[in-house]
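Undergrad: Sending over a structure as structure tokens; questions will come in a sec.
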Protein chains: 2
Amino acid sequence: MQISDAEWVVMNLIWGSQPIDASQVIERLSEPHDWSAATIKTMLHRLVRKGALSHEADGRKYIYRAKVRRHDCVRKASRSFLDRVFGGNAAPALLHLLKTSRLSPDEAAELRELLDARFGDEQGG
Amino acid sequence: MQISDAEWVVMNLIWGSQPIDASQVIERLSEPHDWSAATIKTMLHRLVRKGALSHEADGRKYIYRAKVRRHDCVRKASRSFLDRVFGGNAAPALLHLLKTSRLSPDEAAELRELLDARFGDEQGG
DNA sequence: CTCTTTCGTTTACAGATGTAAACTGATTAC
DNA sequence: GTAATCAGTTTACATCTGTAAACGAAAGAG
């Protein structure tokens, strides 16, 4: 199951604010993305159909919840990105991101720690 | 201009082996991707139309060349991936890739060097 | 010179995507 | 209780994608 660009916007909101009903999603996304309410309703509907969201009636409205875990979707999307753009090799991707990104000192430190933890200074691991 | 999944396969080949003619592309891609010659011809055609490739007649066949630089496409695709999946923040993306990837010691070392060069140990840069 | 093969162009077609209006059933305001 | 409103469902529609067949021109086979 593929989550499209626009659907990621919706999913990202829902992962961060579930359970949530349609009006909330519309309220939070229509302005910043210049989407009509109808567009957002369509996306919610499609995401339910795809199995990415579940909805549960609460009176006349529906409460939406993610059925797929963000982490799994991130993994899938990352895999697909790596495959398509870097032939599946993480190293060039990491180098590219590192070269083109501004990181805060804290973020850099965290990265360095993880790097050291997983791939120790002397031997790789 | 967007390069689709399948088109990336073609572009990746061409970036690595240009100039190249259609029969070569077909020869190199149809087996591993299980694509018919017609499919590959379509993709070449679309890529020319999109402006990603140029073609130049050489007798009855065409020689293809990339018109867009790989680096630019990588940057665009990375940007789009970051935006869609990580809300535009490189740090979580880097952490994710690092957590889910196996790197060789050399790759790890290269990353560490770049990290240190760009975001020195004491002060961020 | 015809027939066949080859190469590129056009056309095809279903499914995904972005974007949204139309429709329908329930609910709230009079 | 009838009108306006609101939520969700259906329908719409152009474009993009993946996948490929059909078609037309050129070139080589005989």
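Undergrad: Among A:Leu44, A:Leu94, A:Leu103, whose mean-square fluctuation peaks in a Gaussian network model of chain A (Cα, cutoff 10 Å)?
TA: In the Gaussian network model the winner is A:Leu103.
Undergrad: Report the extension gain between A:Lys99 and A:Asp83 in nm, rounded to one decimal, defined as 0.36 nm multiplied by the number of residues separating them, less their alpha carbon distance. Don't jump to the answer; show the numbers that get you there.
TA: Numbers: separation 16, 0.36 × 16 = 5.76 nm, distance 1.96 nm.
Here the segment from A:Lys99 to A:Asp83 would lengthen by 3.8 nm.
Undergrad: Using a 10 angstrom cutoff on alpha carbons, build the Gaussian network for chain B and name the most mobile of B:Asp83, B:Asp21, B:Asp58.
TA: For chain B, modelled as a Gaussian network with Cα springs under 10 Å, the answer is B:Asp58.
Undergrad: So how tilted is helix A:22-33 from the main axis of chain A? Cα-based, degrees 0 to 90, rounded to 10.
TA: 60
Undergrad: Against the longest alpha carbon principal axis of chain B, how many degrees, from 0 to 90 and to the nearest 10, is the axis of helix B:37-50 turned?
TA: 70
Undergrad: Here is a follow-up. Springs between alpha-carbon atoms under 10 Å, Gaussian network over chain B: tell me which of B:Gly88, B:Gly51, B:Gly59 tops the mean-square fluctuations.
TA: Result: B:Gly59 has the largest fluctuation of those listed.
Undergrad: What FRET efficiency do you get for B:Leu114 and A:Lys76 if R0 is 30 Å and r is their Cβ-Cβ distance, rounded to the nearest 0.05?
TA: Numbers: r = 27 Å, r/R0 = 0.90.
Once rounded, the FRET efficiency stands at 0.65.
Undergrad: Pick out, in residue order, every one of the GluC sites (Glu not before Pro) in the stretch B:65-125 that is DSSP loop and has at most 16 other C-beta atoms within 10 Å; say none if there are none.
TA: Working: sites: B:Glu107, B:Glu110, B:Glu113, B:Glu122; in loops: B:Glu122.
Loop-located and lightly packed - B:Glu122.
Undergrad: Please report the orientation-averaged projected area of the stretch A:70-118, defined via the convex hull of its C-alpha atoms, in nm².
TA: Spelled out: convex hull of the Cα atoms, projected over all directions, averaged, 4.1 nm².
Undergrad: Give the share of C-alpha pairs in each 5 angstrom bin for the protein assembly as shown, from 0 to the last occupied bin, in whole percents, shortest bins first.
TA: Whole-percent P(r) values from 0 Å outward: 1, 5, 12, 13, 13, 12, 13, 12, 10, 6, 3, 1, 0, 0, 0.
Undergrad: Sort out for me the Cα centre separation of the stretch B:1-51 from the stretch A:29-107, rounded to whole Å.
TA: 28
Undergrad: Could you grab the relative contact order for chain B? Cα pairs under 8 Å, six or more apart, rounded to a whole percent. Provide the component values of the computation, followed by the final result.
TA: Numbers: 84 pairs, mean separation 23.0, N = 125.
Once normalised by length, the contact order is 18 percent.
Undergrad: Take the rotation relating chain A to chain B, measure from its axis to every Cβ in chain A, and name the nearest residue with the distance in whole Å.
TA: So the chain A residue sitting closest to the axis is A:Phe81, 2.
Undergrad: Next question. Measuring nothing but label to label, 7 Å from Cα along Cα→Cβ, what are B:Arg118's distances to the other copies in nm, shortest first?
TA: Ordered by increasing distance: 1.6 nm.
Undergrad: Same structure again: For B:Asp21, what residues show an amide H to amide H distance below 5 Å, using hydrogens built from the backbone and excluding near sequence neighbours?
TA: Those lying under 5 Å, H to H, from B:Asp21 are B:Tyr64.
Undergrad: Mind checking how much accessible area A and B bury in total, 1.4 Å probe, in Å² rounded to 100? Spell out each step's value before the answer.
TA: On the way: alone 9140 and 9140 Å², together 14060 Å².
So the buried area, both faces added, is about 4200 Å².
Undergrad: Can you pull the percent of Cα pairs in the stretch B:4-125 with separation above 22 Å? Write out the running numbers ahead of the final one.
TA: On the way: 3871 of 7381 pairs.
Here the tail beyond 22 Å accounts for 52 percent of pairs.
Undergrad: A:Pro105 label points, 7 Å along Cα→Cβ, one per copy: pairwise distances from this copy to the rest in nm, shortest first?
TA: Spelled out, the distances from A:Pro105's label point are 3.2 nm.
Undergrad: Quick one: helix A:105-118 against the long Cα principal axis of chain A, what's the angle to the nearest 10°, folded into 0 to 90?
TA: Long axis of A:105-118 versus the principal axis of chain A: about 70 degrees.
Undergrad: Using +1 on the beta carbon of Lys and Arg, -1 on that of Asp and Glu, and nothing else charged, what's the dipole of the stretch A:53-115 about the Cα centre, debye to 20?
TA: Working: 13 positive and 8 negative charges, 73 e Å.
Using Cβ point charges on Lys, Arg, Asp and Glu, the stretch A:53-115 gives about 360 debye.
Undergrad: Per 5 Å bin from zero, what fraction in whole % of the C-alpha pairs of the stretch A:5-66 is there, up to the bin with the longest pair?
TA: Here the calculated profile for the stretch A:5-66 is 4, 19, 35, 28, 11, 2, 0.
Undergrad: Now for a different question. Check the straight Cα-Cα distances from A:Lys41 and name the lysines below 24 Å, setting aside those fewer than 8 residues away within the same chain.
TA: A:Lys50, A:Lys61, A:Lys67
Undergrad: Can you tell me the relative contact order of the stretch A:5-66? Whole percent, Cα pairs under 8 Å, sequence separation 6 or more.
TA: 41
The values are calculated or read from the model by the stated rules, or taken from the named source; none is laboratory data. As the structure is a prediction and not an experimental result, all values here were calculated from the model. All Cβ positions, glycine included, derive from the backbone under ideal geometry; neighbour counts span all protein chains shown. Just so you know, the surface numbers come from the protein's heavy atoms only, side chains and all, with ligands and any DNA or RNA stripped out. Shrake-Rupley method; radii C 1.70, N 1.55, O 1.52, S 1.80 Å.
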